[in-house]
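Quick notes on the structure that follows.
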Amino acid sequence: MQRIAVFVSGGGTNLQALLDAQKNNMISHGRIVLVLASNAKAYAIQRAMDNGIESVVVFRKAYGTQDEYDKAIVACMKEHDIDVIVLAGFLSILGKPVIDAYEDKILNIHPSLIPSFCGKGFYGLKVHEEALKRGVKVTGATVHLVNEIPDGGKILKQKAVYVKEGDTPETLQRRVMEEAEWKLLPEAVAELCEKLEEDI
Ligand code: GAR
């Protein structure tokens, strides 16, 4: 069984989708054992608590350098015997020590069809604001492996979502979550865990 840590920064609806999938036995080869939050106010921490899952808060600003921060994250992961990391709305940047320690074992969900509206500065509502500004008719979500290039790792899954007349960033964000993110992420996590178990 792959031990999964979910990294969060905000509301944690993607974490909730993962917890629901776990409850429905959709992640047969993995188990969410830890939630790591970048700030203590993340509602995702409450979701972890409600589901009896341990959570830790690791502030980027508590560390002088990116390298110290990355090493602290790796130490925390090793301490909890983590096999797979899932970034579910996690806004801090992870550097080489983490990426090397978990090569091809870190997933991220991004709320657009990469390579559109991605990379540095594109996160959360901002992504949907930019999609509406550009006037695209189709957007969506992407699950990809994490490497050192922001949103630049191998694409594992994508799902398209139509933009509707009169959409606001908020309505579009909600539709992308409902129609794409909350389905894609649990599927991708289940598939990665299954593949890793086969490799053992
Ligand atoms: C989600 O839409 C996720 O795709 C996005 O942040 C939101 C977090 O919502 N992630 C990024 O923009 C990463 N670049 P949640 O906390 O409710 O899951």
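Take the stretch 160-175 and flag every residue that is among the polar types (S, T, N, Q) and not in a helix (DSSP H, G or I).
If the condition is that a residue be among the polar types (S, T, N, Q) and not in a helix (DSSP H, G or I), then Thr168 is the only one that fits.
Output the residues belonging to the stretch 117-127 that are outside any loop (DSSP other than H, G, I, E, B) and either within 6 Å of the ligand (Cβ to nearest atom) or crowded, with 20+ Cβ neighbours inside 10 Å (or both).
Of everything in the stretch 117-127, just one residue is outside any loop (DSSP other than H, G, I, E, B) and either within 6 Å of the ligand (Cβ to nearest atom) or crowded, with 20+ Cβ neighbours inside 10 Å (or both), namely Val127.
Go over the candidates Ala160, Ala72, Ala62, Ala141 one by one and state the one that is out of contact with any Asp or Glu (no Cβ under 6 Å at 6 or more places or on another chain) and open to solvent by less than 40 Å² (accessible area, probe 1.4 Å).
Exactly one residue qualifies, and that residue is Ala72.
Checking the condition within 13 Å of the ligand (Cβ to nearest atom), surrounded by fewer than 16 Cβ atoms within 10 Å (Cβ to Cβ) and in a helix (DSSP H, G or I), which residue from Glu198, Glu194, Glu130, Glu178 passes?
None of the others qualify; the one that does is Glu178.
Leu145 - would you say it is touching a Gly at 6+ places or on another chain (Cβ under 6 Å), modelled with pLDDT of 95 or more and more than 10 Å from the ligand (Cβ to nearest atom)?
Judged against the criteria, Leu145 is a match.
Six or more apart or on different chains, Cβ atoms under 6 Å: show the pairs whose first residue is in the stretch 71-90 and under 19 Å from Asn147 (Cα atoms) and whose second is open to solvent by 20 Å² or more (accessible area, probe 1.4 Å) and away from the ligand (no atom under 16 Å from the Cβ).
Correct list of pairs: Lys71/Pro97; Val74/Pro97; Val74/Ala101; Ile82/Arg3; Asp83/Arg3; Val84/Lys105.
Filter the stretch 42-53 down to residues that are part of a helix (DSSP H, G or I), within 17 Å of Lys23 (Cβ to Cβ) and hydrophobic (A, V, I, L, M, F, W, C), then give me how many there are.
Going through the stretch 42-53 one residue at a time, the tally reaches 3.
So, Lys195, is that one touching a helix residue (DSSP H, G or I) at 6+ places or on another chain (Cβ under 6 Å), closer than 26 Å to Asn24 by Cα and among the basic types (Lys, Arg) or not?
No, not satisfied.
If the requirement is being open to solvent by 20 Å² or more (accessible area, probe 1.4 Å) and within 16 Å of the ligand (Cβ to nearest atom), which of these qualifies: Ile45, Ile85, Ile32?
Ile45
Quick test of your reading of the structure: His80 fulfils all but one of (1) crowded, with 20+ Cβ neighbours inside 10 Å; (2) more than 9 Å from the ligand (Cβ to nearest atom). Name the failing condition by number.
Just one mismatch for His80, condition (1).
Just one of the numbered conditions (1) open to solvent by 40 Å² or more (accessible area, probe 1.4 Å); (2) more than 13 Å from the ligand (Cβ to nearest atom) is not true of Asp20; which one?
Asp20 satisfies all of (1) open to solvent by 40 Å² or more (accessible area, probe 1.4 Å); (2) more than 13 Å from the ligand (Cβ to nearest atom) except (2).
With (1) assigned to a helix (DSSP H, G or I); (2) touching a strand residue (DSSP E or B) at 6+ places or on another chain (Cβ under 8 Å) as the list, and Val56 as the residue in question, which single condition is left unmet?
Result: Val56 fails condition (1) only.
Tell me which of these Ile93 doesn't satisfy, since it passes every other one: (1) modelled with pLDDT under 95; (2) under 16 Å from Asn14 (Cβ atoms).
(2)
The values are calculated or read from the model by the stated rules, or taken from the named source; none is laboratory data. Just so it is clear, the model here is predicted, and its values are computed rather than measured. Cβ sites come from the backbone with ideal geometry, for glycine too, and all protein chains shown count toward neighbours. These area figures cover heavy atoms from the full protein model, side chains too; ligands, DNA and RNA do not enter into them. Shrake-Rupley method; radii C 1.70, N 1.55, O 1.52, S 1.80 Å.
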